[in-house]
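What follows is a set of notes on a single structure, which appears directly below.
The values are calculated or read from the model by the stated rules, or taken from the named source; none is laboratory data. This structure is a prediction, so every number in the text was calculated from the model and none was measured. Don't worry about glycine lacking a Cβ; one is built from the backbone with ideal geometry, like all the others, and counts go over all protein chains shown.
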């Protein structure tokens, strides 16, 4: 059973269980629990089953799930509960409950123990039964109600305790509990090994609590009424992937986006508030429809390939039906699927089908290295006509509609750049992580510029061309310069240092050949912290790398050196000379400039002079009038 279902059932009884002391129950000792058992973990049956659960354990409180048709609950007979066999097995077909809506336990199962729950109509009657071990005595008790009938040995005057048992014999019995008027909760308990019949009637808690049923008393039944909480349309991994209570994961085969030609599957759950499958008694209509021309199919067990945008299934039991959704053609389509039963909407889901490749975008070329294609990459992306990203591999599955071998270089371009080689294919893993995809271009032996482009041929025969991307080829770095992004900084600033590399011809060096095999050194004061600093794995981008630092609090002018030993050694090998030293400087100023007394006095004098001029001008204007 799913975690979702367990949580729903816990929510149904949690409040009442807490007030009833459900979580302070002392379980039966292991030796007691195992006595006379023929199976491990006795269970009840679902409401409405054709039989009641058979007795497989002593000292276990079972619920009669057969419905009464007489208007009253029926207690199990002692013979039916405890046949004359040592294992204490048997059926209790005679026991019947009235108005029983649901049975469960707080873990969402049907275990007959101290964590049982039930839902009963206020006019209903709960029939339960148990077997005492040979020579022992047990007690049934009820709070929030009374016992209306019993096949136990004896009942107390208030009809709230029933005792059973006998000396030297296996004894079983049953009781029927009725909720008190106005009661919203009734609790039925079973105490084992009370010591005597007198104790069983007058002091049942002297025994060991081995069974408890916390009964929610409902004014009306929601059994058989479709519940939005427990029903839904859940993603499935295949056309037969049933019993879902939540979407299957990508690893299990469910994706809400698929390529054209590949269906998406859903499992339809139609259940009531107690997670019981709906049975309408007579045939109803499970209808599935899809927008934007998508095709749907529906079946009770295996989702068929759809041929229309609306499909129907005539059934009285719609729960666990399977639905398939598919694109109507090779064009991209986003569709909303709606599932309803007899007019009640069970759920809607929106899915995407990607279409044929309609666009190839080339971008982010590196400056290639000479005489090879190794490392000379250009990134590319594939998309359909709606702009949806296209991947040749999703998870671990290769998508046949997007075979990467259909992507080739466009040979129609007249360019100095050589052949295009496919490198990595566009893919996305089961966790949604997208892998970079690129192609490689071949550089000539000398520095050059040119263009590259790609074409893709769809299975339908349509051919798509990419944009034309400019690329460059250059030699390895033989020298470099360093510069800051600002002339001066204030404490706390982020300072950016750009190191630009040049080849022997003065071109921006390629982005492929190493610029460092030993740690580069940036030695300059005035910096507090390295944010991104040099490493041996640095790769230039368009011939440059950028490092960032936090500026320190001490003002002043600083200078220092930048050294890439690998590039310096390459320069020395090519020229026979020592590489020139690369220096750079950094200025740190105060965050707020100070104002001297002389500056203040100077400003005051200027202000007074300005005021005198304005007074003189005003006097002249008055005299003229």
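Would you check which residues across segment 103-146 are closer than 17 Å to residue 210 by Cβ and either touching a helix residue (DSSP H, G or I) at 6+ places or on another chain (Cβ under 6 Å) or not assigned by TED's automatic domain parsing to the domain that holds residue 173 (or both) and list them?
Scanning segment 103-146 gives 106, 117, 129, 131, 137, 139, 141.
Taking the criterion of being at pLDDT 95 or above, within 52 Å of the chain's Cα centre (by Cα) and either outside the structural domain of residue 512 (by TED's automatic domain parsing) or more than 25 Å from residue 486 (Cβ to Cβ) (or both), would at least one residue in segment 556-565 satisfy it?
Yes: one or more hits.
Of the numbered conditions (1) in contact with a strand residue (DSSP E or B) (Cβ under 8 Å, 6 or more places away or on another chain); (2) closer than 26 Å to residue 541 by Cβ, residue 384 satisfies every one except a single condition; which is it?
Every listed condition holds for residue 384 apart from (2).
Select from segment 178-209 the residues that are assigned to a strand (DSSP E or B) and out of contact with any helix residue (DSSP H, G or I) (no Cβ under 7 Å at 6 or more places or on another chain) and write down the one among them that is farthest from residue 345 (Cα to Cα).
209
Among residues belonging to segment 470-494 that are surrounded by 20 or more Cβ atoms within 10 Å (Cβ to Cβ) and farther than 29 Å from residue 578 by Cβ, point out the one that is nearest to the chain's Cα centre (by Cα).
Among those residues, the one meeting the criterion is 471.
What about residue 414, is it in a loop (DSSP other than H, G, I, E, B), closer than 23 Å to residue 472 by Cα and modelled with pLDDT under 95?
So residue 414 fits the description; yes.
Can you find a residue that is touching a helix residue (DSSP H, G or I) at 6+ places or on another chain (Cβ under 6 Å) and part of a strand (DSSP E or B) anywhere in segment 455-465?
yes
Matching residues to (1) out of contact with any helix residue (DSSP H, G or I) (no Cβ under 8 Å at 6 or more places or on another chain); (2) crowded, with 20+ Cβ neighbours inside 10 Å; (3) closer than 22 Å to residue 452 by Cβ; (4) touching a residue at least 40 places away in the same chain (Cβ under 8 Å):
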site	(1), (2), (3), (4)
362	yes, yes, yes, yes
366	yes, yes, yes, yes
375	yes, no, yes, yes
384	yes, yes, no, yes
387	yes, no, no, no
396	yes, no, no, no
402	yes, yes, yes, yes
409	yes, yes, yes, yes
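Of everything in segment 285-308, what is surrounded by fewer than 18 Cβ atoms within 10 Å (Cβ to Cβ), over 27 Å from the mean Cα position of the chain (by Cα) and closer than 30 Å to residue 402 by Cβ? Give them in sequence order.
Result: 292, 293, 299, 304, 305, 307, 308.
Mind checking which residues of segment 89-105 are in a loop (DSSP other than H, G, I, E, B) and at pLDDT 85 or above?
The one that is in a loop (DSSP other than H, G, I, E, B) and at pLDDT 85 or above: 95.
With a cut-off of at least 3 residues that are closer than 15 Å to residue 407 by Cβ and over 27 Å from the mean Cα position of the chain (by Cα), name the strands (runs of 3 or more DSSP E) lying wholly within segment 335-392.
359-363, 377-383
Could you check residue 423 against (1) over 29 Å from the mean Cα position of the chain (by Cα); (2) part of a loop (DSSP other than H, G, I, E, B); (3) surrounded by fewer than 20 Cβ atoms within 10 Å (Cβ to Cβ); (4) without any contact (Cβ under 8 Å) to a residue 60 or more places away in the chain and say which number it fails?
If we test residue 423 against (1) over 29 Å from the mean Cα position of the chain (by Cα); (2) part of a loop (DSSP other than H, G, I, E, B); (3) surrounded by fewer than 20 Cβ atoms within 10 Å (Cβ to Cβ); (4) without any contact (Cβ under 8 Å) to a residue 60 or more places away in the chain, just (2) comes out false.
Here is a list: 86, 78, 130, 82. Which entry is more than 29 Å from residue 271 (Cα to Cα), crowded, with 24+ Cβ neighbours inside 10 Å and at pLDDT below 90?
Sole residue among the options that is more than 29 Å from residue 271 (Cα to Cα), crowded, with 24+ Cβ neighbours inside 10 Å and at pLDDT below 90: 82.
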